[in-house]
Amino acid sequence: MGILARITPARFSNGEASLLGPQRLEIDDEVRRWRPALLSFFIKRVHDKAEAEDLTQETFARLFGGEAKQSGLHAGYIFQIAANLLRDRARHGKVRTDQADIVRQLYGQSVDFLDPERIAVAKSVMMQLIRSLGDLPVRTRSIFVLSRIEKIEKKVIAESFGISPSAVEKHVARAAAHLMACARGATK
């Protein structure tokens, strides 16, 4: 679809509706002449072909939208419009970033907001963990919970169970290996 199909006379702000004949050919010539250079200009700056296409189109819309009778366009004028579009884009992006920063400050420092899907997945993982802990022998489970969850020192746990600290480490390692095996099995 050509530029003229997108810039229709009905879109002109001054209500001018006669863009036929030599004016139309002149605009087509200008579009063919400047489109590759503008597209290259935008691609080098935004690194996104679709965005560059949009900005190129917007440049032509601004160029021919107000004064369709304009002739003898020069590079300085066209690229000034293009540079202004890039500034507008940057300002718009900054506003979005600023708003996101404000939301983060209101709801916590860089905290990911939980959506229902993430909550459901987390509950499922916790249920699997609880089932896996239930599969362990009582003594191993108790030692693991005291060591890893309650953060009680191995020496204290060893004294209360009447075992050596190295035996506590072995129980914790056995429980951790079992939980990891269950977790790997759940993801497959």
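Tallying residues that are of a type outside the set (Gly, Ala, Ser) and within 15 Å of LEU136 (Cα to Cα) within region 149-178 yields 6. Only residues that are modelled with pLDDT under 85 and either under 14 Å from ALA175 (Cβ atoms) or surrounded by 10 or more Cβ atoms within 10 Å (Cβ to Cβ) (or both) were counted across region 115-149, and they come to 1. Sub-8 Å Cβ pairs linking a first residue in region 126-139 that is in a helix (DSSP H, G or I) to a second residue that is β-branched (Val, Ile, Thr), at least 6 apart or interchain, are LEU133/VAL145, ordered by first then second residue. Selection over region 147-174 of residues that are in contact with a Pro (Cβ under 9 Å, 6 or more places away or on another chain) and hydrophobic (A, V, I, L, M, F, W, C) gives a count of 2.
Before we move on, is ASP88 assigned by TED's automatic domain parsing to the domain that holds ASP54 and modelled with pLDDT of 85 or more? Answer is yes for this residue.
The values are calculated or read from the model by the stated rules, or taken from the named source; none is laboratory data. Model, not experiment: these values are computed from the prediction. All Cβ positions, even for glycine, are placed from backbone atoms using ideal geometry, and neighbour counts span all protein chains on display.
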